[in-house]
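The block underneath contains the structure these notes are about, expressed in structure tokens.
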Amino acid sequence: MKYYYLDHAATTPLDPRVLEHMMPYMNDLFGNPSSMHQKGIEVKRDINIARESIANLFDIEPDGVIFTSGGTEATNLAIRGTALMNKEKHTIITTRIEHHATLNTVHKLEKEGYKIVYLNVDHEGFIDLVELEKTITNDTLMLSIILGNNEIGTLQNIEMIGKICQRNNILLHVDAVQMVQYKKLSMRDLSIDLLTLSAHKFYGPKGIGALLVKNRSILEPIIYGGHQEKGLRSGTENVYGIVGMAKALLLAHQERKVRVTHLQKLTQTLMTQMKQAIPDVVYNGPKEDSYRIPGLLSLSFPDVDGQALLFSLNQRGIYVSTGSACQANEATSSHVLRAIHMDRGYGTIRISFGQDNNVDDIDDIVAIFKSVYEDI
Amino acid sequence: MKKFIIIYDAKHHIIYEGNPLNLPIKRHKIQEKSMEVFRDPDPCIIHQSYVIQSFVELLIGDLPIDQEISFKELSIDTEWLDMKDILSCSIKVKR
């Protein structure tokens, strides 16, 4: 059966060029980077070349690249590591539409006595910048915010947010996991102190990510061991993951314009055709491409169950996500859909296109959606 | 138009009418199916819902609309349905 993978916000396939780059590190280049012999030294050097390459893309020093097991660990380190090192302040600001890596980390800190302020968002998922500035007090340590929301695609105004944080002397952590491949993010120019990324969202391997930090001294480790990553993240390095991530990020940087143009054409074509085929469909998040993650669309359909829709689409070879979440063993609308008040009476599907999707396939994709929606 | 189903007992009384996804399903059958599909004996609600939809698709996926069919005539296992004397019942899919 022909299938359409439309779930690139969940994960992307590994770019064959990245795989090729990684392969030697699964064979001959197997040394432990901490070993002081040729086998270790050669991979230690390659890790640091990867580190420099990533640092250059974000305008930070190489020692600000801390490799982790993925985005979740990077975000945990960003928030908890900053809190541990800066105990004089006890308030953290975040939003209601963060990834669970952020929400569950701040929930834990809340239980430990921190004050967490959750910014509301409007119906398109944007925070109110005036509310943000009013919320900051002398006790505020940091703002942790998702740049591109993984469910509805909303892109926050990071330029203004950076200025507000700098003006008020608070740290800014940006979860850029979904957006890092689509936007040049100079941490220097945007006043970003900490930034989370994860390789498998941009055609790199799973199990590798990084926390980028402008100034390492604001962080305390949350994992202890053999002092790798200069003490900020102990544990033998995932060498093939690291070199693969650096390669994937470089390719994303070099091909950014072509990729974004391709994805925007896909979403525009689908939005137009879907509305014609199913007039009842509602698009969540920003309507304008420039305010939404390229290739990501959140669609709500009235009077259907999102899980049932997902199941039937899966049967027909359309692989997407829903806006449902499992909470306390109950399927509910996700916290993001609740935050934008799209949690009742609709079934929600997230489509996230990738480089392997073609505009020519949209006719077929929309026809399957229409057929499934009418039949369910 | 959305599908719903009617199940009649041997005396042609309606014993179930509504969304097929709300059919009563034996708990241990959900666990068995979950093991088969996910290798997980204790699925979360979303994975349970996938399993339930798999059963329902198996039951009504190929059934014609507005045609009453005896469960005996169906060449599928209906053991998973938590309804008494199911083989003496019949089912109709409506829109």
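The values are calculated or read from the model by the stated rules, or taken from the named source; none is laboratory data. If you're wondering where the values come from, they're calculated on a predicted model, not measured in any experiment. For neighbour counting, all protein chains shown are included, and Cβ atoms are generated from backbone atoms with ideal geometry for every residue, glycine included. The protein model used for the area step is the full one, side chains on, heavy atoms only, and it has no ligands, DNA or RNA in it. Shrake-Rupley method; radii C 1.70, N 1.55, O 1.52, S 1.80 Å.
Among the residues of region A:265-286, those identified as open to solvent by 30 Å² or more (accessible area, probe 1.4 Å) and of a type in the set (A, V, I, L, M, F, W, C) are A:Met271, A:Val282.
Taking the numbered list (1) touching a Gly at 6+ places or on another chain (Cβ under 9 Å); (2) in a loop (DSSP other than H, G, I, E, B) in turn, A:His200 passes all entries but (2). Residues in region A:287-297 that are surrounded by 20 or more Cβ atoms within 10 Å (Cβ to Cβ) and touching a Leu at 6+ places or on another chain (Cβ under 8 Å): A:Arg292, A:Ile293, A:Pro294, A:Gly295, A:Leu297. None of A:Val43, A:Val18 is within 20 Å of A:Ala252 (Cα to Cα) and open to solvent by less than 10 Å² (accessible area, probe 1.4 Å) except A:Val18.
If you check A:Asp193 against the conditions, is it farther than 19 Å from A:His335 by Cβ, open to solvent by 10 Å² or more (accessible area, probe 1.4 Å), modelled with pLDDT of 95 or more and acidic (Asp, Glu)?
Yes; evaluated as a whole, the condition is true for this residue.
Looking only at region A:110-148, count how many residues are open to solvent by less than 60 Å² (accessible area, probe 1.4 Å), touching a residue at least 60 places away in the same chain (Cβ under 8 Å) and closer than 20 Å to A:Lys287 by Cβ. Number satisfying all stated conditions: 5. Out of A:Ile293, A:Ile318, A:Ile278, A:Ile376, one residue alone is out of contact with any Asp or Glu (no Cβ under 9 Å at 6 or more places or on another chain), touching a residue at least 60 places away in the same chain (Cβ under 8 Å), over 24 Å from A:Ile158 (Cβ atoms) and of a type in the set (Val, Ile, Thr). It is A:Ile318. Do the conditions hold for B:Glu57, that is, is it in a helix (DSSP H, G or I), surrounded by 14 or more Cβ atoms within 10 Å (Cβ to Cβ) and within 13 Å of chain A (Cβ to nearest Cβ)? Yes.
From A:Leu297, A:Leu337, A:Leu313, which residue is within 18 Å of A:Gln268 (Cα to Cα) and either modelled with pLDDT of 95 or more or away from chain B (no Cβ under 14 Å) (or both)? Working first, answer last.
Details: A:Leu337 fails: within 18 Å of A:Gln268 (Cα to Cα); A:Leu313 fails: within 18 Å of A:Gln268 (Cα to Cα).
So the residue among A:Leu297, A:Leu337, A:Leu313 that is within 18 Å of A:Gln268 (Cα to Cα) and either modelled with pLDDT of 95 or more or away from chain B (no Cβ under 14 Å) (or both) is A:Leu297.
Got a sec? Which helices (runs of 4 or more DSSP H) wholly within region A:1-113 have at least 1 residues that are among the polar types (S, T, N, Q)? So the answer is A:38-58, A:71-85, A:100-111.
Quick one: which residue in A:Glu159, A:Glu229, A:Glu151 is in contact (Cβ under 8 Å) with a residue 12 or more places away in the chain and over 22 Å from the mean Cα position of the chain (by Cα)? Exactly one of A:Glu159, A:Glu229, A:Glu151 is in contact (Cβ under 8 Å) with a residue 12 or more places away in the chain and over 22 Å from the mean Cα position of the chain (by Cα), namely A:Glu229. Of the numbered criteria (1) of a type in the set (D, E, K, R); (2) free of Cβ contacts under 8 Å to residues at least 60 places away in the same chain; (3) facing chain B (nearest Cβ under 10 Å), the one A:Asp343 fails is (3). Of everything in region B:20-51 that is aliphatic (A, V, I, L, M) and open to solvent by 40 Å² or more (accessible area, probe 1.4 Å), the residue that is nearest to the other protein chains (Cβ to nearest Cβ) is B:Ile45. Scanning region A:340-371 for residues being of a type in the set (Gly, Ala, Ser), at pLDDT 90 or above and surrounded by fewer than 21 Cβ atoms within 10 Å (Cβ to Cβ) gives a total of 3. Which one is most open to solvent (accessible area, probe 1.4 Å), of the residues in region B:60-95 that are more than 16 Å from A:Ala308 (Cα to Cα) and in a helix (DSSP H, G or I)? Top of the filtered list is B:Lys72. Taken together, the residues in region A:162-176 that are open to solvent by 20 Å² or more (accessible area, probe 1.4 Å) and either in contact (Cβ under 8 Å) with a residue 60 or more places away in the chain or in a strand (DSSP E or B) (or both) amount to 1.
The condition of being modelled with pLDDT under 90 and part of a helix (DSSP H, G or I) holds for only one of B:Ile46, B:Ile52, B:Ile30, that being B:Ile46.
In summary, A:Glu255 fulfils each of the numbered conditions (1) buried (at least 18 other Cβ atoms within 10 Å of the Cβ); (2) among the acidic types (Asp, Glu); (3) under 21 Å from the mean Cα position of the chain (by Cα) with the single exception of condition (1). For region A:206-251, the set of residues classified as buried (at least 21 other Cβ atoms within 10 Å of the Cβ) and in a helix (DSSP H, G or I) consists of A:Glu229, A:Val239, A:Tyr240, A:Gly241, A:Ile242, A:Val243, A:Gly244, A:Met245, A:Ala246, A:Lys247, A:Ala248, A:Leu249, listed by residue number.
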